[in-house]
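Undergrad: I'd like to ask you about the structure that follows.
The values are calculated or read from the model by the stated rules, or taken from the named source; none is laboratory data. Predicted model only: the values in this text are computed from it and were never measured. Backbone-built Cβ (ideal geometry, glycine too); neighbour counts: all protein chains shown. Remember, those area values only see protein heavy atoms, side chains included, never the ligands or the DNA or RNA. Shrake-Rupley method; radii C 1.70, N 1.55, O 1.52, S 1.80 Å.
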Amino acid sequence: MRARLTVAAVLVVGALALSGCSSDSLAKDYGNGGTNYTDDSGLPVQIPAAKRTAPIDFTGTTVDGKTLTVSNDRARVTVVNFWYANCAPCRAEAPFLQGLYEKYQSDGVKFIGVNIFDQSPGALSFEKTYKITYPSVMDVDSGAARIAFAGAVAPTATPTTFVLDAKGRTAARIVGQLESQSILNTLISDTLAESK
């Protein structure tokens, strides 16, 4: 009897939760194949230019104490990677990101890290260990970068990498660890080709 009551309660709560979602615009967007979420496969998602939303902009303080405003340093393409020092997948993909940063510097592609958890000493240690030379902003206190990307992916999904087009709009995203350079390389190359 207790088991039947538990199952019935779960079904009622589920039905109520689903009915509550029916008026939620974000839930509707997701259900209609909207561009604000990763797909179920976990594969990278490219967003056609016609479906890209407003430009992403945020200001943050870098690991070394400088102010970085994304819109002030708009590039042909900008790669934004959310990470933190004790994130094992972040450590695994760090060499790929640095390698692509070096590869695309001459094309004017910018890379920005967004550290969502650490204070400067931990972030600096990570950057030294993995020889990261592009800037990272410290987002743990302000959350400005996470707010700027709100709706694009859950802020706890780390690592997550975004490719922004020349107008600062999200052109592609990868949720989870980069398994190799090749996928992100293709996303950067495709987005870069749009601005030429």
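Undergrad: Looking at region 79-94, which of the residues that are touching a residue at least 60 places away in the same chain (Cβ under 8 Å) and either in a loop (DSSP other than H, G, I, E, B) or of a type in the set (A, V, I, L, M) (or both) is most open to solvent (accessible area, probe 1.4 Å)? Before the answer, list the steps.
TA: Filtering region 79-94 down to residues touching a residue at least 60 places away in the same chain (Cβ under 8 Å) leaves 79-84, 87, 89-90, 92-93.
Filter again for either in a loop (DSSP other than H, G, I, E, B) or of a type in the set (A, V, I, L, M) (or both), leaving 79-80, 84, 87, 92.
Details: VAL79: 2, VAL80: 0, TYR84: 66, CYS87: 5, ALA92: 45 Å².
For region 79-94, the residue satisfying everything is TYR84.
Undergrad: Looking at the structure I just gave you, is LEU43 farther than 29 Å from SER125 by Cβ and at pLDDT below 50? Before you say what the answer is, go through the steps one by one.
TA: On the way: farther than 29 Å from SER125 by Cβ: yes; at pLDDT below 50: no.
It is false that LEU43 is farther than 29 Å from SER125 by Cβ and at pLDDT below 50.
Undergrad: Between SER189, SER125, which is touching a residue at least 24 places away in the same chain (Cβ under 8 Å) and out of contact with any Ser or Thr (no Cβ under 7 Å at 6 or more places or on another chain)?
TA: Of the residues listed, the single one that is touching a residue at least 24 places away in the same chain (Cβ under 8 Å) and out of contact with any Ser or Thr (no Cβ under 7 Å at 6 or more places or on another chain) is SER125.
Undergrad: Quick check on my filter: what residues within region 95-117 are open to solvent by 20 Å² or more (accessible area, probe 1.4 Å) and farther than 21 Å from SER182 by Cβ? Working first, answer last.
TA: Filtering region 95-117 for residues open to solvent by 20 Å² or more (accessible area, probe 1.4 Å) gives 95-96, 99, 101-103, 105-108, 110, 116-117.
Matches in region 95-117: GLY108, ILE116, PHE117.
Undergrad: Please enumerate the residues belonging to region 184-196 that are closer than 16 Å to PHE111 by Cβ, more than 13 Å from the chain's Cα centre (by Cα) and aliphatic (A, V, I, L, M).
TA: LEU187, ILE188, LEU192
Undergrad: Give the residue, chosen from ILE132, ILE174, that is surrounded by 18 or more Cβ atoms within 10 Å (Cβ to Cβ), of a type in the set (Val, Ile, Thr) and more than 15 Å from the chain's Cα centre (by Cα). Give the steps one after another, and end with the answer.
TA: Details: ILE174 fails: more than 15 Å from the chain's Cα centre (by Cα).
Every option except ILE132 fails the conditions.
Undergrad: Out of all the residues in region 44-78, which are more than 18 Å from the chain's Cα centre (by Cα) and loosely packed, with under 11 Cβ neighbours inside 10 Å?
TA: ALA50, GLY65, LYS66, THR67, ASN72, listed by residue number.
Undergrad: Given the options PHE126, PHE96, PHE149, name the one that is within 22 Å of PHE58 (Cα to Cα) and among the aromatic types (Phe, Trp, Tyr).
TA: PHE149
Undergrad: Let me ask something additional. Return only the number of the condition from (1) out of contact with any strand residue (DSSP E or B) (no Cβ under 8 Å at 6 or more places or on another chain); (2) closer than 30 Å to ALA50 by Cα; (3) open to solvent by 40 Å² or more (accessible area, probe 1.4 Å) that ALA148 does not satisfy.
TA: So ALA148 meets the others, but not (3).
Undergrad: Here's something else I'd like to know. Tell me, which strands (runs of 3 or more DSSP E) lie completely within region 113-188 with 1 or more residues that are farther than 20 Å from ILE47 by Cα?
TA: Numbers: elements: 136-138, 160-164, 170-175.
Ranges flagged: 136-138.
Undergrad: Sticking with this structure for a sec: Would it be correct to say that VAL153 is of a type in the set (A, V, I, L, M, F, W, C), modelled with pLDDT of 95 or more and under 16 Å from the mean Cα position of the chain (by Cα)?
TA: Values: of a type in the set (A, V, I, L, M, F, W, C): yes; modelled with pLDDT of 95 or more: no; under 16 Å from the mean Cα position of the chain (by Cα): yes.
In short, no.
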